[in-house]
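Notes to accompany the following structure.
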Amino acid sequence: MKAQALHGHLDALLLAVLEQGERHGYAIIESLRARSGGTLDLPTGTIYPALRRLERAGWVASSWSTVNGRERRTYRLTDAGARALAGERAGWREFSATVGRFLDPGQPAAGPA
């Protein structure tokens, strides 16, 4: 799946990965790949700018550490990020249900408008 297809949803996916615990950038990419069954195989050029954007928003915090002589940045979800993720989930449920009424013939239609 291409990054463009995720437009508007990448931030929520990154927050959801970090909800499970802090991770360095490559581990975040691997988590996205694993949880999606390989469908989300996003390049670092997509992930790192998004992480920096989330950090500027206060939803993610990062710190540097040295592991086996290599420095790497580790990211974690902040309290504000957890609240943002809850909002993203609520928005996704509403969006998914609404679009499903059109694209999934098995879903019931909403009441009269």
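Laboratory data are not the source of any read-out in this text; all were calculated from the coordinates shown. Just so it is clear, the structure is predicted and the values come from calculations on it, not from any experiment. Every residue, glycine as well, gets a Cβ built from its backbone with ideal geometry; the counts of neighbours run over all protein chains shown.
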May I ask you to list the residues in segment 47-92 that are crowded, with 16+ Cβ neighbours inside 10 Å, assigned to a helix (DSSP H, G or I) and without any contact (Cβ under 8 Å) to a residue 60 or more places away in the chain? Ile47, Ala50, Leu51, Leu54, Glu55
Identify the single condition in (1) surrounded by fewer than 13 Cβ atoms within 10 Å (Cβ to Cβ); (2) touching a residue at least 24 places away in the same chain (Cβ under 8 Å); (3) within 23 Å of Arg93 (Cα to Cα) that Leu10 does not satisfy, given that it satisfies every other one. (1)
Would you be able to tell me the number of residues in segment 29-72 that are in contact with a strand residue (DSSP E or B) (Cβ under 7 Å, 6 or more places away or on another chain) and over 25 Å from Ala86 (Cβ atoms)? 4
With the requirement that a residue be closer than 17 Å to Pro49 by Cβ and out of contact with any Lys or Arg (no Cβ under 8 Å at 6 or more places or on another chain), what does segment 13-22 give you? Leu13, Leu14, Leu15
Among what's in segment 93-105 and is assigned to a helix (DSSP H, G or I) and among the charged types (D, E, K, R), pick the residue that is surrounded by the most Cβ atoms within 10 Å (Cβ to Cβ). Arg101
